[in-house]
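**Q** Please see the structure below; I have some questions.
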Amino acid sequence: MRWYHFGIAVVVLLSGCASERDRVAPIVLPNVVVTVCALSPSHHYLIAYTADLGQEPYQGRYQAQVFDLTTTLAITLPLDRDATEQPELRWYPNDVLWVDQRWLYDIPNGIVTDTTTLLHPLLPSTYNGEVPQWYPSPDGRYVANGTQIWERDPVTGDRGTIIIDLASTIYTDGCRHGWSADSRSYYFVDWIMTGPRHAEPRPIRKITLP
């Protein structure tokens, strides 16, 4: 009987954690399993590295896809390239996508440029660095780590009062360029603690600060 009550308590606890995640950080791409994500400068588009549900973390084959966050639909790259190969994707300013170190795809305007025709070398992009462990917001007021966000001490720069505290795992990570320009929202990949592997890739969620 005690095991029965213990099982009920665990189910209630997990349900409560899931409900809190849904309330504080709703899913932005339904039915898409993601391991790594990178927001475009405007946050209208997103690069998602997707995998099959149940696949071991960071093992096996992934697919690189670009999504329109307004429609939640995948974007087809209008390029003459080998569709069997995974594209190398990076963001440039104004939501321009750099594909396979050659093509520039201006998504909002639907313009494709072959960089081999440019008169000057392409400058490095500033939108594709790794996500630091303690990820500061653009205005410097907050710092994030996985599913947790703290106010940032203006004097020491250390973590101050925690304002968002959701359950996470060692795999939970923020998206690259995951903070919005106004520091009011933050995107991350949700990794749950349940299941035989204790960590499976899950959807992308968005926290909007109060």
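The values are calculated or read from the model by the stated rules, or taken from the named source; none is laboratory data. Bear in mind the structure is a predicted one, so any value in this text is a computation, not a measurement. Please note: Cβ atoms are built from the backbone with ideal geometry, for glycine as well, and neighbour counts cover all protein chains shown. With ligands, DNA and RNA removed, areas are computed over all heavy atoms of the protein, side chains included. Shrake-Rupley method; radii C 1.70, N 1.55, O 1.52, S 1.80 Å.
**Q** From largest accessible area down, sort 21, 184, 141; use a 1.4 Å probe on the protein chains.
**A** Values: 21 30, 184 70, 141 130 Å².
Solvent-accessible surface, decreasing: 141, 184, 21.
**Q** Can I ask one more? So if each residue of separation counts as 0.36 nm, and I subtract the Cα-Cα distance between residue 158 and residue 126, what length gain in nm does that give?
**A** On the way: separation 32, 0.36 × 32 = 11.52 nm, distance 2.47 nm.
Between residue 158 and residue 126, full extension yields 9.0 nm more.
**Q** I need the trypsin sites (Lys or Arg not before Pro) found in the stretch 71-118, filtered to DSSP loop residues with at most 14 other beta carbons within 10 Å of theirs. Present the calculation step by step, with values, prior to reporting the outcome.
**A** Numbers: sites: 81, 90, 102; in loops: 81, 102.
Filter output for the stretch 71-118: 81, 102.
**Q** Can you order the peptides 41-48, 116-123 by their average number of other Cβ atoms within 10 Å per residue, highest first?
**A** Values: 41-48: 19.9, 116-123: 7.5.
Per-residue Cβ counts within 10 Å, averaged per peptide and sorted highest first, yield 41-48, 116-123.
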